[in-house]
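Below is one structure; the comments refer to it alone.
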Amino acid sequence: LGLVIVGITVIVFYYLFALIDEKNEILKLEEYKMLSVEEVFKEFEYDRKKYIISTFYDSDSYQYINILLKIKDKYYRLEEIKKCDCSDESIYVKDNKIYVHCIGQKGDILEYKVTGTTIEKKILHLNYDKTPNISQIHILIDKVDNNYIYLYSYVKMNDFIKEGDKVKCSLKDDVCYYN
């Protein structure tokens, strides 16, 4: 009976310290004041936490993207992507990973992995040598699975070449092929 009580006490303290630690991490974050509901671009939930991707334009008409953690009715900024024009098709969410292509910039894809109050950023430097006809500044994201990111563009470098407008890129070696 004594071991059971000690075991339960250890478990209770473990969860109590985990809650205190998470609360301390949240206090370190900048609270974000949402300007309007039009800012909410996408919402997703992962590991019982709610996340918001918001967008807004600054006074110079540059688009900014924010990745926010929502707790009750408050928003906390985890990441700000400056001067990144996007559309619904240039941002893709899979589990706790957010893939972003800033329209008008070269063909790199930004990958953000969200875990609680932390965020890891990685840049996918994709190799488009085998897909020369796709416009890298007009890349849109179709889907992502465990091995590939599937991209497309409505714009070709040369409309007279019959190469496709859809590509798949390996997440292991970053090489892209026509799909």
* Structure fact -> SASA check, residue 55, accessible area w/ 1.4 Å probe, all protein chains in place, rounded to nearest 10 Å², comes out at 20
* Structure fact -> On the accessible surface of the range 53-179, probed at 1.4 Å with all protein chains in place, carbon and sulfur together account for a percent value of 45
* Structure fact -> Given backbone amide H placed at 1.01 Å from N, residues whose amide H is under 5 Å from that of residue 79, ignoring those fewer than 5 places away on the same chain, are 67
* Asked: Which entries in 82/166; 49/113; 70/172 show an alpha-carbon gap greater than 22 Å?
  -> 82/166; 70/172
* To do: Set the Förster distance to 22 Å, then compute FRET efficiency between residue 122 and residue 30 from the Cβ-Cβ distance, nearest 0.05.
  => 0.50
* Structure fact -> Residue by residue through the range 83-89, the couplings from Karplus 6.51 cos²θ - 1.76 cosθ + 1.60 with θ = phi - 60°, in Hz, x for Gly and Pro, are 6, 10, 6, 9, 9, 4, 8
* In percent, how large is the relative contact order of the range 98-169, given Cα pairs closer than 8 Å and 6 or more residues apart? -> 25
* Hits among aspartates and glutamates - C-alpha to C-alpha of residue 74 under 17 Å, sequence gap 8 or more where chains match -> 22, 25, 30, 31, 38, 39, 43, 45
* Structure fact -> Spelling it out for residue 127: with amide H atoms placed in the peptide plane at 1.01 Å from N, the residues 5 or more places away or on another chain with amide H under 5 Å from its amide H are 175, 176
* Structure fact -> Note to self, the chain gives a 222 nm [θ] from helices alone (DSSP H runs n ≥ 4, -39500 (n - 2.57) apiece, / all residues, nearest 500) of -5000 deg cm²/dmol
* Structure fact -> For the range 64-159, shape from the Cα gyration tensor axes a ≥ b ≥ c, cut at a/c of 1.5 then a/b versus b/c, turns out prolate
* **Contour minus Cα-Cα distance for residue 44 and residue 172 (0.36 nm per residue)** => 43.5 nm
* How large is the accessible surface per residue of the chain, computed with a 1.4 Å probe and reported in Å² as a whole number? -> 63
* To do: Select one label from [x] 20.6, 80; [y] 18.7, 74; [z] 19.9, 64: the one whose number is Rg and Dmax of the Cα atoms in Å as derived from the coordinates shown.
  => [x]
* Structure fact -> Partner aspartates and glutamates whose C-alpha sits under 18 Å from that of residue 168, ignoring same-chain residues fewer than 8 away, are 89, 108, 111, 129, 142, 145
* To do: With θ set to phi - 60°, apply the Karplus curve 6.51 cos²θ - 1.76 cosθ + 1.60 along the range 133-142 and write out the HN-Hα couplings as whole Hz, x wherever there is a Gly or Pro.
  => 8, 7, 6, 5, 8, 10, 5, 10, 9, 7
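The values are calculated or read from the model by the stated rules, or taken from the named source; none is laboratory data. Everything numeric in this text was worked out from a predicted model, so none of it was measured. Ideal geometry is used to build each Cβ from the backbone, glycine not excepted, and the neighbour counts take in all protein chains shown. Keep in mind that these areas ignore ligands, DNA and RNA; they rest on the heavy atoms of the full protein, side chains included. Shrake-Rupley method; radii C 1.70, N 1.55, O 1.52, S 1.80 Å.
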